[in-house]
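Here is the structure we will look at.
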Amino acid sequence: MKISEERCRQLPEDQTDSAGLDDSEASEKLRTEGYNELEEKEKFTPLKVLLSQLKNVIIWVLAAAALISLYIDEVVNFWVILGLIMFVILLGFVQEYRAEKAMESLKGIVRPKTTVLRSGTLRQIPTREVVVGDILVLEAGDRVAADACIFETQQLKVDESALTGESVPVSKNKNEPLYAGTQIVRGKCRARVTATGMDTELGGIASLIQPQAQDTPLQREISAFSRKLAIVALFASGLALALGISAGAPIEEMLIIALALAVAAVPEGLPLTLTITLAYGMRRMAAKNAIIRKMLAVETLGSTSVICTDKTGTLTKNEMTVEKIWTADSSFEVTGSGYTAEGVFLHAREEFDLQDSTLQVLLRGAALCNNASLDPGSKEDIVGDPTELALLAAASKAGMSKESLSGDYERIHEIMFNSDRKMMTTLYRRGENLRSFTKGAVEVVLDRCDHVFKNGRKTELDADAKSAILKENTGLASQAYRVIAIACKDVGEDWNEESLEKNLTFLGLMAMADPVREGVTEAIGLCHEAGIKVVMITGDNVKTALAISRQLGIPSRQPDGVEDPDGILADGAITGEELEELDDAAFAEIAEHVHVYARVMPQQKLRIVKALQAEGHVVAMTGDGVNDAPALKKADIGIAMGLKGTDVARQSSDMVLQDDNFATIVEAVKRGRTIYDNIEKFTSYLVSRNFNEIILIMLGISLLGYELVPLLALQILFINMFGEIMPSIALGLDPAREEVMKRKPRPVGEGILAGKKLVLVGLVAGVMGLACFASFLVADPLADLERARTIAFATVVSMILFIPFAFRSLDLSVLETGFFNNRLIFAGILSTLLLTLVVMYVPFLAAIFDLVPLALQDWLLPLGFAGVTMVFVEIVKALLFRKGFRKSY
């Protein structure tokens, strides 16, 4: 910390006139100093991925089988098993490396940005491009991009817990250092960068703050499930070993069979397929602008039952345009849209001359009580809150900009806007005079006014005038306009902050529209079909909120049977003020039925989340501000805005919306449900297919003796290595289907393969095992054992050609899911078939695996048994999940 303080002392004391670096200086510094980023301690490398394959238990089981083969002089078996070990390692490496690369690329999608002053203009640049000498422009919610020294500050408080561990925000003053990685929690400042990247205080302790990878609950559940299967495998292997030895079989040979059974029982493709499914699922979400920061979110999305969403920018475009203005003199319409200077002011459909009018004073106040930066000719120089940008755009249509006014008006103080006060005030000096301008929520500003500007002069704000203003506000709000009030005050030299916002003169109302985003109404309809409740939360007037909720199709009427003695739910909405008056018990009674929250404080979001969770809901909550962080952390899915969200909100979230669009949330829920469905599909497939072999071997040993075992160790190993993984990966990447959003959310806590799904898997494994054993018996092993084993082998492989299609849905028939909309399944099946034909018909390989070439008619038996098995699976699915009994999650 002392180094940063010393760097501060070396800077000039007065930097207020600095325009910042120019682009050429910044580019040269970036070239010589490098990017502003920390070096990763635990960076993923191909070698680490390769070594991680040795953690696979199946490798050590195979190694044991290889050593036993060498011990009993089965040299061919030894080399084949060694080859299989290399194949498992190589396949695991390739697939996991690709998954890691996919995950690594996600980190580059969300590039945090920082506001800097360059050549006198505010710019938003990638944080990694900040260089020494840049001027940071920071406000509440921003993460400090680099070590810097403050030269301009207002009411600044910084959370330095990332460095010091101290949770209480620290006040900061001029000429004091700021540290990279800390958060601005209050106020704002300008600071000159003194160090970047590894040269910062944060860089000095980078090795201590590297994030540790953690398994998600689903991954732990899969691991626990695999351990259970391993226990069953060991029991089956031990039983087979005991049966064989008791029947007089050589112990060495039975050890090989027992180890092959262990390999058969443990679905070695399960962890690998899970990793690939999650990684590529997150990649697909990223392509749809939903960046998953925590893998847990992927699992939880499938259970989401309530989405609490902000209105502005999420349901609407967040492209505010002032369309109507009201003053005590007249009302006006404003033409033009967006953040441009194109447009005029109309009164009675005629262009209005603003000279010496109340409208002119109002627009001047809108431009001066403003922290946005707007250059209509350059998109890069449009920085700030959309509401403030809309006010600047309206003023620019009258030829007024902050730059043109700055020659006459010198800003000397600001009382910042926050969600508690709902207003902002700036104080300017013009010559010998001081004047303040205040803007904010109509009710709040009006409550501070005792005069109104009318006919070019101040008049007393009587009850009739106040009533007229409130009536106009209600009328505009009911048309879905967001309404801002502007007021002013002539100030004496003895001013203080408290006096600046008292005895104001009301100037007028500015009504701006924020159009509903395309596709949002349809997305909300899709939520209703999916059993997901949508709750709209806004700081707008309740009339505005209700008008927009009706446009969007969000229910906004009092539900039948709900007690509401105070009439709070009469309009289907509740305000923050009404919410504040309710105790937790009273709120809990109505929380289930509220769909619209208006004039809500960000901190009240936390209470909304808790109330809905208490009712058993899995809650997704959106947020963008500092005060949203507690609610985002508490929600089951915290969703931060990628465009307008603060760094604090993003750091507190599970998911970041790159486009701030509600429809993206719904698409992410759809993807989350699909991912979980696919995990169930490939798990069901792998478990049923693996236990098919156990049942087949156990039937053979117990009924026919070890001499007539239906499959040999190498044959089992070949099927597991080459016939299992590709189809399971194809199921893990099965495309989303529309019906996934036509059922209720998955119950919380429902495990993998629970209830009827476990029954299905058990029945399928049993029938597959019986069918394979039947084909072995029909082939007459007493007459030709090698041919019978080959037919049993071909039957197991034929199952792989059919059964993956049945597992594309655990409740829908194969006719409903279709055959041709997942090309990966065909690729997996084709590769399995080709490899089988190679080992069966190439004499050298056939001799190694103890197989014989089958005639064309011989294939009728394996294919027939596989086809009958698939029909059985479809019948079982129809009985278990027939209409009215289908899974409801």
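The values are calculated or read from the model by the stated rules, or taken from the named source; none is laboratory data. All of these numbers come straight from a predicted model, not from anything done at the bench. Please note: Cβ atoms are built from the backbone with ideal geometry, for glycine as well, and neighbour counts cover all protein chains shown.
Residues of the range 659-678 that are touching a helix residue (DSSP H, G or I) at 6+ places or on another chain (Cβ under 6 Å) and β-branched (V, I, T): V666, V669, T674, I675.
Among the residues examined, S813 does not qualify as closer than 23 Å to N692 by Cα and under 28 Å from the mean Cα position of the chain (by Cα). The condition (being in a helix (DSSP H, G or I) and closer than 24 Å to N318 by Cβ) is satisfied by just one residue among L362, L446: L362. Residues of the range 811-823 include none that is in contact (Cβ under 8 Å) with a residue 40 or more places away in the chain, charged (D, E, K, R), assigned to a helix (DSSP H, G or I) and in the same structural domain as S684 (by TED's automatic domain parsing). Against the numbered list (1) assigned to a loop (DSSP other than H, G, I, E, B); (2) aliphatic (A, V, I, L, M); (3) touching a Lys or Arg at 6+ places or on another chain (Cβ under 7 Å), L731 comes up short only at (1).
Residue-wise test of (1) among the polar types (S, T, N, Q); (2) outside any helix (DSSP H, G or I).
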| site | (1), (2) |
| --- | --- |
| I325 | no, yes |
| Y339 | no, yes |
| N370 | yes, yes |
| A394 | no, no |
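In summary, strands (runs of 3 or more DSSP E) completely within the range 592-650 and bearing 2 or more residues that are over 15 Å from the mean Cα position of the chain (by Cα) and either at pLDDT 85 or above or in the same structural domain as G181 (by TED's automatic domain parsing) (or both) occur at 596-598. Taken over the range 408-425, residues that are over 14 Å from S499 (Cα atoms) and not in a loop (DSSP other than H, G, I, E, B) amount to 4. Looking at the range 825-852 only, could you name the residues that are buried (at least 17 other Cβ atoms within 10 Å of the Cβ) and within 17 Å of N678 (Cα to Cα)? Once the filter is applied, which keeps residues that are buried (at least 17 other Cβ atoms within 10 Å of the Cβ) and within 17 Å of N678 (Cα to Cα), the range 825-852 yields I825, G828.
Number of residues in the range 487-540 that are in contact with a Pro (Cβ under 9 Å, 6 or more places away or on another chain) and on the phi > 0 side of the Ramachandran plot: the value is 1. Please work out if T790 is in contact with an Asp or Glu (Cβ under 9 Å, 6 or more places away or on another chain), modelled with pLDDT of 85 or more, assigned to a helix (DSSP H, G or I) and not aliphatic (A, V, I, L, M). When the stated conditions are applied, T790 passes them. Residues that are assigned to a helix (DSSP H, G or I) and either of a type in the set (A, V, I, L, M) or modelled with pLDDT under 90 (or both) occur at least once in the range 373-380.
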